Amino acid sequence: MNTHAKPWQGIVLIALVLAALPFAVGLGMGNAWVRVLDFALLYIMLALGLNIVVGFAGLLDLGYIAFYAIGAYLYALLASPHFGLHWPTWAILPLGALVSGLFGILLGAPTLRLRGDYLAIVTLGFGEIVRIFLNNLNSPVNITNGPQGIARIDPISIAGVPLSKPLEFLGLALPGVYLYYYLFVLLALVIIFISLRLEDSRIGRAWVAIREDEVAAKTCGINVRNVKLLAFAMGASFGGVAGGLFAGFQEFVSPESFSLMESVMVLCMVVLGGMGHIPGVILGGLLLAVLPEVLRHGAAPVQKLLFGKVLIDPESLRMLLFGLTLILVMLYRPAGLWPSATRKRELSA
Amino acid sequence: MDTFLQQIFNGLTLGSIYALVALGYTMVYGIMGLVNFAHGEVVMIGALTALAVIKPLAAAGLPGPLAVLGGIAVAIPVAMLLGFCIERIAYRPLRNAPRLAPLITAIGVSIVLQQLAMIIWGRNYHSFPPLMPATVREFGGAQITDLQIIIVIVAGAMMVGLLLLVNVTRLGRAMRATAENPQIAGLMGVDANRIISLTFVIGSALAAVAGVMVAANYGIAHYNMGFILGLKAFTAAVLGGIGNLAGAMLGGILLGIIESLGAGYIGDLTGGFMGSDYQDVFAFFVLIVVLIFRPSGLMGEKVSERA
Amino acid sequence: MNVLLEAVGINKSFGGVQALRDVSLTIRQGEIYGLIGPNGAGKTTFFNVLTGLYAADGGGFSFDGQPLDIAAPHLVAAAGIARTFQNIRLFANMTALENVMVGRHLKSRAGVIGAVLKNAGTRSEEAAIERRAVELLHYVGIADHANALARHLSYGDQRRLEIARALAMEPKLLALDEPAAGMNATETGALRLLIEGLKNDGLTVLLIEHDVKLVMGLCDRVVVLDYGEKIAEDVPEKVRRDPKVIEAYLGGAVA
Ligand SMILES: Nc1ncnc2c1ncn2[C@@H]1O[C@H](COP(=O)(O)OP(=O)(O)O)[C@@H](O)[C@H]1O
Ligand SMILES: [Mg+2]
């Protein structure tokens, strides 16, 4: 077998697996699980965005979900009966990336002098401020519709075909969750691609350099301010795109979806997967998005099986196990489940 | 200006509680450079444990304040034990791990404690029986209850006690030495592990008392109360300059007053545009502004990076 | 010979400690210029002021015929001054090669778009960066460890890596803060050859060093600081016999 064919074989294999996955999941376990996959993909996009800020540049951001919120509300305001606007998807998503990126710079700029945990609490504050504004900007002028959120958002549509409706394809009716899956996979791949390219570049090295030693990075000629703002902007723009997709997919947004716990969740994905290591972060996003669902569905039946009745509220049990997982993984793999190869190689050497 | 004075009183009460909790954050941070994200849950467990003791005691006919004292007497050791276990399980194995690893275990512990509390005490709000003297006193047009006065006094006494402990006793000296440099403290015969455990235990005791205060002040307690309270207290610690005890006290009281004033006046300030729902925005906004001008908090040491 | 760097009346104090008091000195193009003095004399502080890490309380620099903007470290780097640190500051979790590649930051320009598209320009720039970094690792003699994480290198290799990273910036002035500290005799010998080689290639070197033999053997001229003040500036033989210098060293910590 000639070696040149190998990467292609890999790519074809991955493409086939990704294409077949929703069918395997959907037919095996029901379409609800395809929906879980869709969400997992959104989380992967978010985790990759946060990875640029936390993993590469080493800036602990606890308010990252704000950018997801901004992207989502932008979509909601521009494509729903709320303002009677119905902009096309392809116009909103790039705008979402741009606006979130600008917010990234805006929120990042005042924090540049802060380090470590101070930065964490300030970004956390920003995240909460954004959420509180979303919650309250319904009076005196109704912009966000407050805690009720914005409903009846236009579904994402491509070439005039809304993804919310089943699509007849080769005599097969593909449900909306499948269509969204393919769109999300595509965009996740784009984001993965961008992340990989950035990591292996002059900019990526500059990010890691300021993470490792800001003073040394400065004396190497890196303009730390600009490079940090760039990290905030890039990370935020990924979040903005994911937010837009979320709004179109759910057809509903409310401030509840953008709580601090969500920021924490995304951070857990990044750290638990393997900070700064893209495959690890993807794994982290996938696991932490799917695990709670598995626990949600498994918690009641397993208890019935073991004790003959449901002893503990499944919702509670699922969060309990989730918390335990975070603790155990970190105790046994402090560098994450899948840390970068250099680190592993070094550890075993 | 009766609203003004009223908001100051309310803020002082709230601020004393924040300060007690903030001390727990700041002590741990001072010694280990770690944000103990699970600290808010210790407050919650303290409050619910106390309540579980207080209710039967009161029902048995014990006078209100005595029942409350009984509750606190049980809540403190429970919280101390909890603090001890948290450090042992979630932080000690990770002393030399990457910086964010203990943050994630802390989040894990926080989730686990919340869920355990929910399993034990349920989802519902528990009302705190009106056992404490609620006599209302008038002061320059503002009202203050005995409970508020008690909270401020007890919190103040505990803070003074802590300052004495840290600044005067042998144990305090060992704590300060460990915070300064664990290796050197170790060489001088200080058992750093013991000091760290003690720090968690002391912080947890303060947290338990703060938990009872919150429950008494608002009249309710529930499994979810620790998170936002912890967040506020951590904000207060950062505001004052994390790692600095006096800073945590100052930050706590300031944050309490800022929040109360913010809630009272934000409507007037913005011409009715923003209501008291923006109270939290106000708190974070002040924090951000302070940190922009004093990146290490109000009383934190100015860190000029040694190159 | 042309003047490369001129410092005029540099002052810096920390609280009550006057770390630099009216320090003026001149470094000529192509020389190895030694900066010595007892511990705490202000040598490192001089580096930190020069490279924009600390704001000076007074005074200024001119570099290569221009006033030097020391408002931010990256501006100093862009002007052509590279440095190492007394207590080595590498990018610990990057490989040796990557550390040196970071040093090429100013000599390359690919931004986000270039990085993502990876067009011909970016590819050739990246290749050039890597080629130069490998060359430099060979030059300082640690090419074998190109793919090891910086924090896993031996102490001497870390010092050499830091020099390679500084050299990657193609500076006009290389400022080394105690490069021989903690090295054994063999390593110090190799370092000496390295610095001599740099001089032969025309680089100007500003060297803080405690190893008197090394300084006297290497440097064309030497300045001596004591309690933040310049007490001598001359060729090594003269400085060695200067009573004020002898007094400073005998009175202070052993150099
Ligand atoms: N960042 C700083 N903060 C406070 N004092 C400092 C700082 N850096 C240096 N100093 C003080 O300035 C003086 C000179 O220090 P330094 O320049 O490091 O000396 P040298 O490198 O000659 O040994 C010393 O007294 C030192 O304690
Ligand atoms: Mg020095």
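The values are calculated or read from the model by the stated rules, or taken from the named source; none is laboratory data. This structure is a prediction, so every number in the text was calculated from the model and none was measured. We place every Cβ from the backbone using ideal geometry, glycine too, and count neighbours over all the protein chains shown.
Couple of notes before you dig in:
- Test for residue C:41: is it of a type outside the set (Phe, Trp, Tyr), crowded, with 16+ Cβ neighbours inside 10 Å, modelled with pLDDT under 95 and more than 23 Å from residue A:202 (Cα to Cα): yes
Listed here are the residues, each with its yes/no results for (1) under 27 Å from residue B:120 (Cα atoms); (2) of a type in the set (S, T, N, Q); (3) in contact (Cβ under 8 Å) with a residue 12 or more places away in the chain.
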residue: A:263; (1), (2), (3): no, yes, yes
residue: A:277; (1), (2), (3): no, no, yes
residue: A:292; (1), (2), (3): yes, no, yes
residue: A:295; (1), (2), (3): yes, no, yes
residue: A:305; (1), (2), (3): yes, no, no
residue: A:308; (1), (2), (3): yes, no, no
residue: A:314; (1), (2), (3): yes, no, yes
residue: A:317; (1), (2), (3): yes, no, yes
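- All positions within the range C:58-89 that are within 16 Å of ligand 2 (Cβ to nearest atom) and farther than 30 Å from residue A:335 by Cα: C:83
- Only one of the numbered conditions (1) surrounded by 15 or more Cβ atoms within 10 Å (Cβ to Cβ); (2) modelled with pLDDT under 95 is violated by residue A:103, and that is (2).
- Just one of the listed residues (A:210, A:156) is at pLDDT 90 or above, away from every other protein chain (no Cβ under 14 Å), touching a helix residue (DSSP H, G or I) at 6+ places or on another chain (Cβ under 8 Å) and buried (at least 22 other Cβ atoms within 10 Å of the Cβ), and it is A:156.
- Boolean, residue C:8 is more than 14 Å from every other protein chain (Cβ to nearest Cβ), surrounded by 15 or more Cβ atoms within 10 Å (Cβ to Cβ) and not hydroxyl-bearing (Ser, Thr, Tyr): no
- When residues of the range C:231-252 are limited to those that are within 14 Å of ligand 1 (Cβ to nearest atom) and among the hydrophobic types (A, V, I, L, M, F, W, C), the one modelled with the highest pLDDT: C:231
- When residues in the range C:217-230 are screened for being within 13 Å of ligand 1 (Cβ to nearest atom) and either within 14 Å of another protein chain (Cβ to nearest Cβ) or assigned to a strand (DSSP E or B) (or both), 6 of them pass.
- Single unsatisfied condition, residue C:14 versus (1) without any contact (Cβ under 8 Å) to a residue 60 or more places away in the chain; (2) within 14 Å of chain A (Cβ to nearest Cβ); (3) within 15 Å of ligand 2 (Cβ to nearest atom): (2)
- Listed here are the helices (runs of 4 or more DSSP H) enclosed by the range B:166-264 that have at least 3 residues being without any contact (Cβ under 8 Å) to a residue 12 or more places away in the chain: B:170-180, B:182-187.
- Checklist (1) closer than 23 Å to residue A:203 by Cα; (2) part of a loop (DSSP other than H, G, I, E, B); (3) away from chain A (no Cβ under 12 Å); (4) charged (D, E, K, R) applied to residue C:109, failing item: (3)
- From the list C:31, C:98, the lone residue that is more than 16 Å from ligand 1 (Cβ to nearest atom), of a type in the set (Asp, Glu) and assigned by TED's automatic domain parsing to the domain that holds residue C:132 is C:98.
- Scan of the range C:24-57 for residues that are at positive phi, in contact (Cβ under 8 Å) with a residue 40 or more places away in the chain and more than 13 Å from ligand 2 (Cβ to nearest atom), ordered by number: C:30
- Among the residues making up the range C:182-221, those that are within 16 Å of ligand 2 (Cβ to nearest atom) and among the β-branched types (Val, Ile, Thr) are C:208, C:212, C:215.
- Residue C:92 falls short on exactly one of the conditions (1) within 16 Å of ligand 2 (Cβ to nearest atom); (2) touching a residue at least 12 places away in the same chain (Cβ under 8 Å), and that condition is (1).
- Within the range B:71-91, the set of residues being more than 10 Å from chain A (Cβ to nearest Cβ) and β-branched (Val, Ile, Thr) comprises B:72, B:74, B:76, B:78, B:86.
- Single residue of the range A:113-148 satisfying the filter (at pLDDT below 85 and more than 17 Å from residue B:238 (Cβ to Cβ)) that is nearest to the other protein chains (Cβ to nearest Cβ): A:140
- Positions within the range A:146-200 being among the aliphatic types (A, V, I, L, M), in contact with a strand residue (DSSP E or B) (Cβ under 9 Å, 6 or more places away or on another chain) and not in a loop (DSSP other than H, G, I, E, B), in sequence order: A:150, A:161, A:167, A:173, A:174, A:179, A:183
- Which listed residue is in contact (Cβ under 8 Å) with a residue 40 or more places away in the chain, buried (at least 17 other Cβ atoms within 10 Å of the Cβ) and under 30 Å from residue A:274 (Cβ atoms), from C:116, C:102: C:102
- Given (1) under 24 Å from residue B:213 (Cβ atoms); (2) within 21 Å of the chain's Cα centre (by Cα), index of the condition residue B:120 fails: (2)
- Among the candidates C:11, C:39, C:48, the residue that is within 16 Å of ligand 1 (Cβ to nearest atom) and part of a strand (DSSP E or B) is uniquely C:11.
- Matching residues, the range A:218-236, being of a type outside the set (Ser, Thr, Tyr) and at the interface with another protein chain (Cβ under 10 Å from one of its Cβ atoms): A:218, A:220, A:221, A:222, A:223, A:224, A:225, A:226, A:227, A:230, A:233, A:234
- Note on the range C:28-55: residues that are within 14 Å of another protein chain (Cβ to nearest Cβ), touching a helix residue (DSSP H, G or I) at 6+ places or on another chain (Cβ under 6 Å) and of a type outside the set (S, T, N, Q) total 3.
- Taken together, B:131, B:163, B:113, B:94 contain a single residue that is modelled with pLDDT of 90 or more and away from every other protein chain (no Cβ under 14 Å), which is B:163.
- Looking at A:242, A:299, just one residue is assigned to a helix (DSSP H, G or I) and more than 13 Å from chain B (Cβ to nearest Cβ), and that residue is A:242.
Residue-by-condition table, conditions (1) modelled with pLDDT of 95 or more; (2) in a helix (DSSP H, G or I); (3) of a type in the set (Ser, Thr, Tyr):
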residue	(1), (2), (3)
B:29	no, yes, yes
B:37	no, no, no
B:44	yes, yes, no
B:48	yes, yes, no
B:57	no, yes, no
B:67	no, yes, no
